[in-house]
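So the structure is just underneath, and the comments pick up after that.
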Amino acid sequence: VTEVLSSDSLSVAMAADAKKLESMIDLLIATPPGPEARVFDAMRYGTLNGGKRLRPFLVLSGARLFNVPDAQALRVGAAVEMIHSYSLVHDDLPAMDDDDLRRGRPSCHIAFDDATAILAGDGLLTLAFEVLADPSTHPDAEIRCSLATAFSRAAGASGMVGGQMIDISPERAALDLDGIKHLQGMKTGALFTFACEAGAILGQAEAAARDALLGFAGDLGLAFQIVDDLLDAEGSAEDLGKPTGQDAALGKATFVGQLGLEGARAEASRIVDDACARLDIFGKKGSLLRATARFVLARRS
Ligand code: IPE
Ligand code: IPE
Ligand code: MG
Ligand code: MG
Ligand code: MG
């Protein structure tokens, strides 16, 4: 099955889901009165600020394969976006990438201050698990527990946090292609994998369907990161809403550095073909996810 939705239908679907996701986040992060209001304001600033909302879209699209109600998937999508946004708030801090621009606006620590940005990240990380643990995410406590286990593995030191550690380590500069794939699989791929796996957990999918989604997610995360490297090398800060040329400036080994611009683009394209083939098992129902993989390849921001 090679059917792919038009990119227009995909943009309409993504925009509609992004809107629902933002209403959910708006509801989940309500600023209380009192001096702690500032950390809530910074948490809202770090999440309700644009962004492609790709990971929540994957949660929703995956969940729909198994007829999971949107109301449940949206809560998991919000939790994933909270952790992704927290990672960006912390990633931009002076102690890490020291970037002033994020999603086209001053980074959280510029709009607030370093300490508030650290606390906002802590608040988002913690709230994400509160959202998962709430019975309205799924009535079955065992399923909520499975979600929390998979999510914490993806986001923690064996996943995204570990990837961030490798990314700023002295060993980083000399990584070969396999080393880069390993790093990016942790830093970026793990959260993509959870985003896709979440629908299968919520829908109690059978092993074959779940494995197909996991394979798709692994390929997609890799292609996403190759394109991130390409955009860092070739894109504009205006389109991206974040500084470019950072990888070269920091002397980081990247897919583009290893494969060249054309080689990296060809590799990303090949991986997206693989990703789409993994969805054959879902037939026509997989067309939105196939279109999402094409979007990841063609994106300019
Ligand atoms: C940026 O992710 C960080 C990476 C993992 C490369 P996105 O490109 O998905 O960022 P937003 O959410 O759209 O801002
Ligand atoms: C940050 O990676 C991704 C995570 C926080 C996991 P990058 O430092 O490459 O992301 P950008 O390029 O600033 O968005
Ligand atoms: Mg970084
Ligand atoms: Mg960065
Ligand atoms: Mg980057």
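General remarks:
Listed here are the residues, each with its yes/no results for (1) open to solvent by less than 50 Å² (accessible area, probe 1.4 Å); (2) within 16 Å of ligand 3 (Cβ to nearest atom); (3) touching a strand residue (DSSP E or B) at 6+ places or on another chain (Cβ under 7 Å).
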position: Gly185; (1), (2), (3): yes, yes, no
position: Thr188; (1), (2), (3): yes, yes, no
position: Ala205; (1), (2), (3): yes, no, no
position: Leu213; (1), (2), (3): yes, no, no
position: Ala217; (1), (2), (3): yes, no, no
position: Ala233; (1), (2), (3): no, yes, no
position: Ser236; (1), (2), (3): yes, no, no
position: Gly245; (1), (2), (3): yes, yes, no
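- Filter result for the condition that a residue is open to solvent by 60 Å² or more (accessible area, probe 1.4 Å) and touching a helix residue (DSSP H, G or I) at 6+ places or on another chain (Cβ under 7 Å), over Met96, Met24: Met96
- Just one of the listed residues (Thr188, Thr193) is in contact (Cβ under 8 Å) with a residue 12 or more places away in the chain, within 24 Å of Asn49 (Cβ to Cβ) and within 21 Å of the chain's Cα centre (by Cα), and it is Thr188.
- Odd one out for Ala174 among (1) at pLDDT below 95; (2) crowded, with 17+ Cβ neighbours inside 10 Å: (2)
- Restricting Asp232, Asp239, Asp228 to residues that are in contact with a helix residue (DSSP H, G or I) (Cβ under 6 Å, 6 or more places away or on another chain) and in a helix (DSSP H, G or I) narrows the list to Asp232.
- Here Glu130 meets each of (1) within 23 Å of Ala42 (Cβ to Cβ); (2) within 13 Å of ligand 4 (Cβ to nearest atom); (3) of a type in the set (D, E, K, R) with one exception, condition (2).
- Residue check, Glu197 out of contact with any helix residue (DSSP H, G or I) (no Cβ under 9 Å at 6 or more places or on another chain), more than 16 Å from ligand 4 (Cβ to nearest atom), in a helix (DSSP H, G or I) and closer than 19 Å to Pro69 by Cβ: no
- Hits in region 100-119 (condition: touching a residue at least 40 places away in the same chain (Cβ under 8 Å), of a type outside the set (Ser, Thr, Tyr) and open to solvent by less than 20 Å² (accessible area, probe 1.4 Å)): Cys108, Ala117
- Region 35-59, residues that are open to solvent by less than 40 Å² (accessible area, probe 1.4 Å) and assigned to a helix (DSSP H, G or I): Ala37, Val39, Ala42, Met43, Gly46, Thr47, Leu54, Arg55, Pro56, Phe57, Leu58, Val59
The values are calculated or read from the model by the stated rules, or taken from the named source; none is laboratory data. This one's a predicted model, so the numbers in the text were calculated from it and none came from an experiment. Cβ atoms come from the backbone with ideal geometry, glycine included; neighbour counts cover every protein chain shown. Remember, those area values only see protein heavy atoms, side chains included, never the ligands or the DNA or RNA. Shrake-Rupley method; radii C 1.70, N 1.55, O 1.52, S 1.80 Å.
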